[in-house]
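S.K.: The structure under discussion is supplied below as structure tokens; questions concerning it will follow.
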Amino acid sequence: MDHPTLLSPLGLQLPRRRALLRAAACLPAMALLPQAGIANDFWNRPRELWLYRKSTGEQVRETYWDDGRIIPEGYIRLCKLLRDVQAGQAVQMDIILLDIMRGVYGWFEAYGVTKPLIINSGYRNVHTNAVTEGAARNSMHTYGKATDLWMAGISTEYMARLGVYLSGGGVGYYAQKGFVHLDSGRLRVWRG
Ligand SMILES: [Zn+2]
């Protein structure tokens, strides 16, 4: 598996070509969404995410992708919000993970619900992951390919179902803890 590249505070190292190709390859599947309320041109529109990190009070509302390419400023700001807060370390988050999050965010947006996705966790380095309660040892979080999130006023069950519907990767349903784990790994579903 690829290891995430550390984000330099001075600039952006563009994702490897393979990651971009994978992102492109993922589009046809995601384009199935319109039947259920998201417009046909959803993936052609600027891809904006609004993320809120309750533990630090930060929020970022930025476009990370437009006109077929990454928007570096927006992408970096989103990656920084998704950093390992404990270690103070940000990495390049997987674009496919951002697309999955965009699918979730866009779904609610299409129904007139414009609220931030509340991020409990994004990237975790191996050490932080090891001391995180209930974390899998080879967690997708350590590859910059996973996030734990929720949205105010939306049940975790609904979020989990939406994640499964989007079929972007793994979906963990943590009802007790009140969040859903989404990752860009293999398609799989579990209850935490
Ligand atoms: Zn997780």
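S.K.: Taking a threshold of 18 Å on the Cα-Cα distance, which of the pairs LYS54/LYS80; LYS80/LYS145; LYS145/LYS177 fall above it?
M.R.: As for pairs spanning more than 18 Å Cα to Cα, those are LYS145/LYS177.
S.K.: Further, regarding this structure: For a Förster distance of 41 Å, can you work out the FRET efficiency between the beta-carbons of VAL131 and ASN40, rounded to the nearest 0.05?
M.R.: 0.35
S.K.: Sticking with this one: Can you run phi through the Karplus equation (6.51, -1.76, 1.60; θ = phi - 60°) for the range 69-76 and list ³J(HN,Hα) in whole Hz, with x for Gly and Pro?
M.R.: My calculation for the range 69-76 gives 8, 5, 9, x, 4, x, 4, 5 Hz in order.
S.K.: Could you work out the relative contact order of the range 44-129, using alpha carbon pairs under 8 angstrom and six or more residues apart, expressed as a whole percent?
M.R.: 33 percent
S.K.: Also: Quick one: 3J(HN,Hα) in Hz for the range 170-187, Karplus 6.51/-1.76/1.60 with θ = phi - 60°, rounded, Gly and Pro as x.
M.R.: Using θ = phi - 60°, the values come out as x, 10, x, 9, 10, 4, 5, 7, x, 9, 10, 8, 10, 9, 9, x, 4, 5 Hz.
S.K.: So for THR128, THR56, what's the accessible-area order with a 1.4 Å probe, most first?
M.R.: THR56, THR128
S.K.: So, one more: Which of the three applies to the range 41-122, rounded, prolate or oblate, going by the alpha-carbon gyration tensor with a ≥ b ≥ c and a/c under 1.5 meaning rounded?
M.R.: oblate
S.K.: A further question follows. Which part of the range 114-136 falls in the paramagnetic zone of GLN89, meaning amide N under 20 Å from the point 7 Å along Cα-to-beta-carbon?
M.R.: Output list for this probe position: 120-136.
S.K.: Could you tell me the distance between the Cα centroids of the range 142-192 and the range 38-91, to the nearest Å?
M.R.: 18 Å
S.K.: Let me ask you something else. Can you classify the range 63-192 as rounded, prolate or oblate using the Cα gyration tensor, where a ≥ b ≥ c are the square roots of its eigenvalues, rounded means a/c under 1.5, and otherwise it's prolate if a/b beats b/c and oblate if not?
M.R.: Oblate shape, in that a/c is at least 1.5 and b/c is the bigger or equal ratio.
S.K.: Okay, next question. Can you tell me the dipole magnitude for the range 68-159 around its Cα centre, using point charges on the Cβ only (Lys, Arg +1; Asp, Glu -1), in Debye to the nearest 20?
M.R.: Charge dipole, the range 68-159, about its Cα centre: 240 debye, nearest 20.
The values are calculated or read from the model by the stated rules, or taken from the named source; none is laboratory data. Remember, it's a predicted structure, so these values are computed and weren't measured experimentally. A quick note on method: Cβ atoms are made from the backbone with ideal geometry, for glycine too, and the neighbour counts reach across all protein chains shown. Heavy atoms of the whole protein, side chains included, go into the accessibility calculation; ligands, DNA and RNA do not. Shrake-Rupley method; radii C 1.70, N 1.55, O 1.52, S 1.80 Å.
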